[in-house]
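Comments concern the structure below.
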Amino acid sequence: LKKPSKNKMQMEVYDCHQTTNLTTADLIWDTKDNQKVTSVAGKNVIRGGKASWDFYHDLFDRNSIDNRGLVIKQYVHYDKGMDNAYWDGRRMVYGDGDGIVFSSFTSDIDVIGHELTHGVTENESNLDYAGQPGALNESFSDVFGMMIKQRYYNQDVKKSNWLIGEKVLIGPKYALRSMKAPGTAYIKHPELGDDPQPATMDNYQDLPDTENGDWGGVHINSGIPNFAFYVTAFNIGGYAWEKAGRIWYAVLTDSNLKNDAGFIDVKNLTVQHAEKLFGLNSSEVKAVTQGWLEAKV
């Protein structure tokens, strides 16, 4: 029997009142006082933060983002109509969206889980944020953000639609990304056009390492390792976090995952960890191998 952990989540939620000043933001909720919150964004980040903390704690015995009990600080209503959410190395910051293309970036648990996972990655492998390592950095965030959502809503691999940010991107036919079918999250969107993500290596986009080039396509080429994970998890069946998630977490926290790792490196590590966890000729190893094969890595 697992002995009960003494670790407890600590979280603080701040309201920036649509300014960009974090120092003057009001504390509207923390775990100590558990105040009543009226802000929808505030409620969303408490829920998403708890779901993320519980996911890492209950499944992997991880004590918060840094594994040392870091207080999760979340700042909502940052700036006027900011179309983004990000982890800045110490805290989470969420924009409200412009209300036309994007709603509040707190709207989806997977987006909150995605951003908090950037903190986990930073504390473990610190993958470079450019080119293939950057795409892997983004992909790990999508993979864990998706599993955090699936666990919260009790969805197995067949029940989940594998869409990231389906509430953040306004409109019933749109989501930010699809892990099941990268490149189909939005088609003919009036502002964004078509989803540029490839699912396979033959459509890898070699983009410049500039802001306009998305740092070598970190949000674009992440579709490839995302698809590899989806195929793996789907072929294993059941709940994604039970087996595929264990393999991916073992890789994310492996000291052999270098900060300049490419897709091939992560492919090899996932196979190695699947063998370690489930045995050399296990169906799990076959599923992992098949996942990367279908992504043509």
Taking interchain pairs and intrachain pairs at least six residues apart, which have beta carbon atoms under 7 angstrom, with the first residue in the range 248-269 and farther than 15 Å from Ser222 by Cα and without any contact (Cβ under 8 Å) to a residue 60 or more places away in the chain and the second open to solvent by less than 10 Å² (accessible area, probe 1.4 Å) and assigned to a helix (DSSP H, G or I)?
-> Val251/Val266; Val251/Thr270; Leu269/Val251
Might you let me know whether the range 203-214 holds any residue that is buried (at least 24 other Cβ atoms within 10 Å of the Cβ) and free of Cβ contacts under 8 Å to residues at least 40 places away in the same chain?
-> no
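Looking at the range 29-36, is at least one residue touching a strand residue (DSSP E or B) at 6+ places or on another chain (Cβ under 7 Å) and among the charged types (D, E, K, R)?
Checking the range 29-36: at least one residue is touching a strand residue (DSSP E or B) at 6+ places or on another chain (Cβ under 7 Å) and among the charged types (D, E, K, R).
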Answer residue from the range 143-161, given it is closer than 14 Å to Val111 by Cβ and of a type in the set (Phe, Trp, Tyr) and is surrounded by the most Cβ atoms within 10 Å (Cβ to Cβ) among those | Phe144
Of those in the range 36-57 that are surrounded by 12 or more Cβ atoms within 10 Å (Cβ to Cβ) and polar (S, T, N, Q), the residue nearest to Asn154 (Cα to Cα) is Ser52
Note on Ile220: of the conditions (1) in contact with a strand residue (DSSP E or B) (Cβ under 6 Å, 6 or more places away or on another chain); (2) in contact (Cβ under 8 Å) with a residue 40 or more places away in the chain, unmet is (1)
Of (1) open to solvent by less than 20 Å² (accessible area, probe 1.4 Å); (2) at pLDDT below 95; (3) basic (Lys, Arg), Lys32 satisfies every one except (1)
Among the residues of the range 215-243, write down those that are open to solvent by 20 Å² or more (accessible area, probe 1.4 Å) and closer than 19 Å to Ala295 by Cα.
-> His219, Ile220, Phe227, Tyr230, Phe234, Asn235, Ile236, Gly237
Which residues, counting only those in the range 171-198, are open to solvent by 20 Å² or more (accessible area, probe 1.4 Å), touching a strand residue (DSSP E or B) at 6+ places or on another chain (Cβ under 9 Å), closer than 26 Å to Met147 by Cα and part of a loop (DSSP other than H, G, I, E, B)?
-> Gly171, Lys173, Tyr174, Leu176, Lys180, Thr184, Tyr186, Ile187
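Residues are listed down the side, and each one gets a yes or a no for (1) open to solvent by 10 Å² or more (accessible area, probe 1.4 Å); (2) under 13 Å from the mean Cα position of the chain (by Cα); (3) basic (Lys, Arg); (4) within 29 Å of Leu257 (Cα to Cα):
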residue: Asp66; (1), (2), (3), (4): yes, no, no, yes
residue: Asp79; (1), (2), (3), (4): yes, no, no, no
residue: Gly95; (1), (2), (3), (4): no, no, no, no
residue: Ser103; (1), (2), (3), (4): yes, no, no, no
residue: Asp110; (1), (2), (3), (4): no, yes, no, yes
residue: His118; (1), (2), (3), (4): yes, yes, no, yes
residue: Gly131; (1), (2), (3), (4): yes, no, no, yes
Among the residues of the range 269-297 satisfying the criterion of being open to solvent by less than 20 Å² (accessible area, probe 1.4 Å) and in a loop (DSSP other than H, G, I, E, B), which is farthest from Pro182 (Cα to Cα)?
-> Ser282
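The values are calculated or read from the model by the stated rules, or taken from the named source; none is laboratory data. Since this is a predicted model, take the numbers as computed values, not measurements. Backbone-built Cβ (ideal geometry, glycine too); neighbour counts: all protein chains shown. To get the accessible areas, we keep the full protein, side chains included, count just its heavy atoms, and leave off ligands, DNA and RNA. Shrake-Rupley method; radii C 1.70, N 1.55, O 1.52, S 1.80 Å.
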